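Have a look at the structure below before the remarks.
The values are calculated or read from the model by the stated rules, or taken from the named source; none is laboratory data. Because the structure is predicted, anything quoted here is derived from the model rather than measured. In this analysis, Cβ positions are derived from the backbone assuming ideal geometry, glycine residues included, and neighbour counts consider all displayed protein chains. Surface areas here come from the heavy atoms of the whole protein model, side chains and all, with no ligands, DNA or RNA. Shrake-Rupley method; radii C 1.70, N 1.55, O 1.52, S 1.80 Å.
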Amino acid sequence: MTRFNTHVEDHGTHVTIHTPDPFSYQQVVAYLNRSENECLHRVDGATVYKAIPINTEIAVMAVSNPTPSRIEIRLLESGGCAVSDALLAAARYVWEWFDLDANLVPFYQLATGDPVLKTLVTDYYGLRLIGVPDLFEALCWAVMGQQINLAFAYTLKRRFVEAFGTRTTVRGHTYWIFPDACRISELTPSELTALGFTTRKSEYLAEIARWMRRGAITKQGLLALPDLESVVDALTDIRGVGKWTANYVAMRCLRHRSAFPIDDVGLHHAVSRLLGMNQKPTREELGVLFAPWHGYEAYATFYFWRHLLAPEY
DNA sequence: CACCAGGAATTGC
DNA sequence: GCAATTCATGGT
């Protein structure tokens, strides 16, 4: 949060964030709007609505973009605490969610001399790596997405959230908070398989919930580890968390710039498509392609994912 | 109706 | 160690 204080202004009824270049709110919203089935935020035009937990209550924010270099955050509900506290919490959430602490200038400079990256940063100029700040959510979402199509993953997430999460309704819209690990750790196996999770995935989710409940895995603890390798080692101790999931979480929750889910099928499709290949790239080809981008694998991967949202031709 | 999906654990050699 | 197998259901 090095630059947070200098970029955020409290206006009493709302806060504004001056966004560091390069940044495009439009690109961020395009990514947030990628699934009709998303249940943890709502996009209406150019406004993004999201609920976040405040103490034991729920605050609901509306995020908009009054000027190109400014994000505005208002509250639809302050969760029973002081408005200024809830606004600050909302601003901190958006700051992390949209990865506004990152300096993208070096990545964009690297891209100017690289044909592939140049295409990506031109097409999606200002896109930030949208995060999943809650560790339990990031782990669960990764596990839910293992080996199934994304549309089904969103359906599973919605069922999971609506079965075990908490909700608040404001102005006719319902906003959900992702379930707490303690709640999930208490479930019987059948309560998860009933939602469409396979037996194994149900076990994985319950296992992750137990690790988190007993404090064996915490975001703070993982952030304190010296490097990505240590993070992957720690996370893969959990049954159900392999290298793909560990790198996914490192990338979207812990903000490791070198995190690289190299076995990601979506990434394979995106690379194949952007480079005009007839088949999916091999692991070796991916290694060669990404080698010059070392230190920026996470952003390169994220931009490739964004590329999948674009129409085929 | 096949084929596959933003994988991981287990098994077999 | 590494490759093959199993899991297991909805989307297209």
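Taking the criterion of being among the small types (Gly, Ala, Ser), under 29 Å from residue A:23 (Cα atoms) and at pLDDT 95 or above, would at least one residue in the stretch A:204-227 satisfy it?
Scanning the stretch A:204-227 turns up at least one residue that is among the small types (Gly, Ala, Ser), under 29 Å from residue A:23 (Cα atoms) and at pLDDT 95 or above.
Scanning the stretch A:160-181 for residues that are surrounded by 17 or more Cβ atoms within 10 Å (Cβ to Cβ) and assigned to a helix (DSSP H, G or I), which turns out farthest from the chain's Cα centre (by Cα)? Let's see the steps before the verdict.
Filtering the stretch A:160-181 for residues surrounded by 17 or more Cβ atoms within 10 Å (Cβ to Cβ) gives A:160-161, A:164-166, A:168, A:175-181.
Next cut, assigned to a helix (DSSP H, G or I) only: A:160-161, A:164, A:181.
Details: A:160: 17, A:161: 16, A:164: 20, A:181: 18 Å.
Per the criteria, the residue is A:164.
Give the stretch A:133-150 a look and list any residue that's more than 9 Å from DNA strand B (Cβ to nearest atom) and within 25 Å of residue A:104 (Cβ to Cβ), or say none.
A:133, A:134, A:135, A:137, A:138
May I ask you to verify whether residue A:217 is more than 16 Å from DNA strand C (Cβ to nearest atom), part of a loop (DSSP other than H, G, I, E, B) and in contact (Cβ under 8 Å) with a residue 40 or more places away in the chain?
Values: more than 16 Å from DNA strand C (Cβ to nearest atom): yes; part of a loop (DSSP other than H, G, I, E, B): yes; in contact (Cβ under 8 Å) with a residue 40 or more places away in the chain: yes.
Taking the combined requirement at face value, the residue satisfies it.
Name every residue in the stretch A:21-38 that is open to solvent by 10 Å² or more (accessible area, probe 1.4 Å) and part of a loop (DSSP other than H, G, I, E, B), in order of residue number.
A:21, A:23, A:24, A:33, A:34, A:35, A:36, A:37, A:38
Residue-wise test of (1) loosely packed, with under 15 Cβ neighbours inside 10 Å; (2) more than 9 Å from DNA strand B (Cβ to nearest atom); (3) within 23 Å of residue A:31 (Cβ to Cβ); (4) assigned by TED's automatic domain parsing to the domain that holds residue A:200.
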residue: A:227; (1), (2), (3), (4): yes, yes, no, yes
residue: A:241; (1), (2), (3), (4): no, no, no, yes
residue: A:259; (1), (2), (3), (4): no, yes, yes, no
residue: A:276; (1), (2), (3), (4): yes, yes, no, no
residue: A:279; (1), (2), (3), (4): yes, yes, no, no
residue: A:285; (1), (2), (3), (4): no, yes, no, no
residue: A:298; (1), (2), (3), (4): no, yes, yes, no
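Considering each residue of the stretch A:182-202, count those that are in a helix (DSSP H, G or I), surrounded by 17 or more Cβ atoms within 10 Å (Cβ to Cβ) and within 16 Å of DNA strand C (Cβ to nearest atom), and give that number.
The qualifying residues number 3.
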